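Okay, structure first, notes after.
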Amino acid sequence: MRNILKKYWLVVLTGLCVGAAAVFLTAEGNPANMGFCIACFIRDITGAVGFHGAGVVQYVRPEIIGLVLGAFIISVIRREWKPTGGSSPMTRFLLGMIVMIGALIFLGCPLRMVIRIGGGDLNAIVGLLGFVVGILIGVVPLKLGFTLKRAYKQSKVEGLIFPALMVILFVVSILAPALFKSSVEGPGSQHANVYIALVVALIVGALCQQSRLCMAGGVRDAVMFKDFKLIAGFIAIIVAVLVGNLIVKGSLAFSFEGQPIAHTDGVFNFLGMALVGWGSVLLGGCPLRQLILAGEGNTDSAITICGFVAGAAVAHNFGLASSGAGIGTGPVLIVVIASLVILALVSVFNIAKGEK
Amino acid sequence: MIDARGLSCPQPVLLVQRFVKANKPELVEVVVDHEAAVQNITRYANSQGYCVDKAADGDDTKLTLRK
């Protein structure tokens, strides 16, 4: 019993806090069933700096900044901050783009998928099926010896650049908000108070760093090692969001139709999250985990986040991102197929020779 | 000695799992460079009946798994 408590308490506490934070931030003004979506919020920052022109999703989200800096601060305190890098950065950039495009076809990262499930959105269950299938596909190359090669120790300056960029982004957005685009309608216009959002994200970032919470890792470890630690955090988020929504709204409506910032195209909900699941397994962690790792000094994760930003820009500039009205007007199916082919090629060509 | 430094999750624990399954060893030594790998390998080793000793090795961590 003591061992079980020792193994699970921190990750379950983190999951409960993440879920509670999502409900709280939504009550404070963030978009419904979103609260804390990594893909959506990186996309909003991408828009705020003018990398895409979708006027309804542009805002410098302090949640992203807070998550990275929360992980940075706690890892420095706990002596876990370690600048590393050099593990196939260009491949990671490409995988980051694909993961982001998949997430914006579904309308959410794995974290928002879980938050949407807790909010009664049944489309997210379809997304979850795709996510699990994507992970199961990604596990196969891992078992065959897939690797993006080793990362090596880097200079402190190299590891500090990404957290420093987050600090600069935050300070400039406070001192000179007019420099950034900011939505006046749509999801980008809905946000909690900047400082409340930052503080919540700092706490959640620190908890995620210490508990190693990862949405993709949860399913992966359960399948590969019968290790249920991370998936316990995943389930704790759903429970916290369900209970939180019940407290805040008084009731929950489970449905496919009429859910906030969601569409009902099951095929693309499934395929979008399959891209996210497969890509995340190859990257070694979900988008949330990449932010945390970047805070810990992992520059490969920082490059992956640059890939997320590029993916968000591509998704909106080429009509691939979905909206509440349905999937994008661009060549969504072609891009999904091309992305699946790229994931297959990356999987096959990175299996180390002599491994089994 | 298994060198799992610099590898993304879950490759460090996969290397250990592969070695344990192939050789059924009484003793395994692994060197890793991040805490997530330390925890993953420790949980896997415990589930397979190994006790795990942890020792700092410069910037890295050396894990000794014993039956």
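Here is how the numbers come out for the structure above:
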item: Residue in region A:128-144 that is part of a loop (DSSP other than H, G, I, E, B), open to solvent by less than 80 Å² (accessible area, probe 1.4 Å) and out of contact with any Lys or Arg (no Cβ under 8 Å at 6 or more places or on another chain) present; result: no
item: Qualifying residue in region A:37-55 (condition: among the hydroxyl-bearing types (Ser, Thr, Tyr) and open to solvent by 20 Å² or more (accessible area, probe 1.4 Å)); result: no
item: Odd one out for B:LEU65 among (1) touching a residue at least 40 places away in the same chain (Cβ under 8 Å); (2) open to solvent by 20 Å² or more (accessible area, probe 1.4 Å); result: (2)
item: Region A:1-31, subset within 25 Å of A:SER183 (Cβ to Cβ) and part of a helix (DSSP H, G or I), residue nearest to the other protein chains (Cβ to nearest Cβ); result: A:VAL18
item: Failed item in (1) within 12 Å of chain B (Cβ to nearest Cβ); (2) modelled with pLDDT under 95, with A:MET215 passing the rest; result: (1)
item: Selection count, region A:306-356, where residues are open to solvent by 20 Å² or more (accessible area, probe 1.4 Å), in a helix (DSSP H, G or I) and closer than 20 Å to A:PRO89 by Cα; result: 11
item: Helices (runs of 4 or more DSSP H) contained in region A:32-121 and holding at least 1 residues within 14 Å of chain B (Cβ to nearest Cβ) and closer than 21 Å to A:ALA321 by Cβ; result: A:89-106
item: Enumeration of residues in region A:165-181 that are outside any helix (DSSP H, G or I) and either open to solvent by 70 Å² or more (accessible area, probe 1.4 Å) or at positive phi (or both); result: A:LYS181
item: So A:GLU185, is it of a type in the set (Asp, Glu), open to solvent by 70 Å² or more (accessible area, probe 1.4 Å), at pLDDT 95 or above and assigned to a loop (DSSP other than H, G, I, E, B); result: yes
item: Output for region A:246-262, where each listed residue is among the basic types (Lys, Arg) and part of a loop (DSSP other than H, G, I, E, B); result: none
item: Test for B:LEU27: is it farther than 18 Å from A:THR147 by Cβ, open to solvent by 40 Å² or more (accessible area, probe 1.4 Å), more than 7 Å from chain A (Cβ to nearest Cβ) and of a type outside the set (Phe, Trp, Tyr); result: yes
item: Qualifying positions in region A:134-153 - out of contact with any helix residue (DSSP H, G or I) (no Cβ under 6 Å at 6 or more places or on another chain) and more than 11 Å from chain B (Cβ to nearest Cβ); result: A:LEU136, A:VAL140
item: Residues of region A:252-283 that turn out to be in contact with a helix residue (DSSP H, G or I) (Cβ under 8 Å, 6 or more places away or on another chain) and at positive phi, as a count; result: 1
item: Subset of region A:218-231 (residues that are within 9 Å of chain B (Cβ to nearest Cβ) and in contact with a Lys or Arg (Cβ under 9 Å, 6 or more places away or on another chain)); result: A:ASP221, A:MET224, A:PHE225, A:ASP227, A:LYS229
item: From the options A:PHE234, A:PHE162, residue that is open to solvent by less than 20 Å² (accessible area, probe 1.4 Å), more than 14 Å from chain B (Cβ to nearest Cβ), in a helix (DSSP H, G or I) and in contact with a helix residue (DSSP H, G or I) (Cβ under 8 Å, 6 or more places away or on another chain); result: A:PHE234
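Okay, residues lined up against (1) open to solvent by 50 Å² or more (accessible area, probe 1.4 Å); (2) touching a residue at least 12 places away in the same chain (Cβ under 8 Å); (3) in contact with a strand residue (DSSP E or B) (Cβ under 7 Å, 6 or more places away or on another chain); (4) more than 9 Å from every other protein chain (Cβ to nearest Cβ):
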site	(1), (2), (3), (4)
B:GLY6	no, yes, yes, no
B:VAL16	no, yes, yes, yes
B:VAL31	no, yes, yes, yes
B:ALA37	no, yes, no, yes
B:GLN48	yes, yes, no, yes
B:ASP57	yes, yes, yes, yes
B:THR61	no, yes, yes, yes
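The values are calculated or read from the model by the stated rules, or taken from the named source; none is laboratory data. Fair warning: this is a prediction, and the values are worked out from it, not measured in the lab. Please note: Cβ atoms are built from the backbone with ideal geometry, for glycine as well, and neighbour counts cover all protein chains shown. Accessible surface areas use protein heavy atoms only, side chains included; no ligands, DNA or RNA. Shrake-Rupley method; radii C 1.70, N 1.55, O 1.52, S 1.80 Å.
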